[in-house]
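Below is one structure, written out as structure tokens; the observations come after it.
Only the coordinates and a few stated rules stand behind these numbers; no lab work does. No experiment lies behind these values; they were computed from the predicted model shown. Cβ placement follows ideal geometry from the backbone for every residue including glycine, while neighbour counts extend to all protein chains displayed.
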Amino acid sequence: MSHENLRSVEVERTAVGEYEVRNVRGGVIPLGTGDDERFSPVELFLAALGGCTGIDVDLVASRRAEPTRFLVTVRGDKIKDEAGANRLDNLEVELSVTYPEGVDGDRAREVVPRLLQQSHDRLCTVTRTVEPGTPVATYQAEAKENE
């Protein structure tokens, strides 16, 4: 991995079943098992998928008109496959966006289908990683002294 291309987060345990996800810019998201208000890992995955697509569309379309409503809903079925392994199936990203009446709103509405397609086909890193399937290496780091 090259340093300039590296993206990372840390997940730190704060209590049993409670964690904090931190990025290098200082952002924090509460993570949990899905038994309380904290986001579960699956919900964060769905948020990443919808957020990536939504941002791709919004950054371009909102140059034409500010939306009066912008909502991305992401769904998927959690299943056990034939081998008994958990995974998500039937992933869907639905964009519901409303722009004001007028020429600027018309221009924004007009570009949304093309932006959705571009996001899916080449821009959204999350979608582009999920669809072809990317191997994930899982390993335990060596313990550091005094930790």
Testing the spin-label approximation: label points 7 Å from Cα along Cα→Cβ at E110 and V9. State their distance in nm.
3.8 nm
Helix axis angle, 41-61 relative to the chain longest principal axis, alpha carbon, degrees
30 degrees
Counting Lys and Arg as +1 and Asp and Glu as -1 over every other residue whose Cβ sits under 12 Å from the Cβ of N86, the net charge comes to 0
Using a Förster radius of 25 Å, what is the FRET efficiency between N90 and D35 based on their Cβ-Cβ separation? Nearest 0.05, please.
0.55
Using alpha carbon centroids, what distance separates region 1-38 and region 95-112, in Å?
35 Å
Between C52, N90, P113, whose Cα lies farthest towards the positive end of the dipole of the chain when Lys and Arg beta carbons carry +1 and Asp and Glu beta carbons carry -1, centred on the Cα centre?
P113
Sum of side-chain charges, V16 neighbourhood, beta-carbon under 15 Å (Lys, Arg +1; Asp, Glu -1)
-3
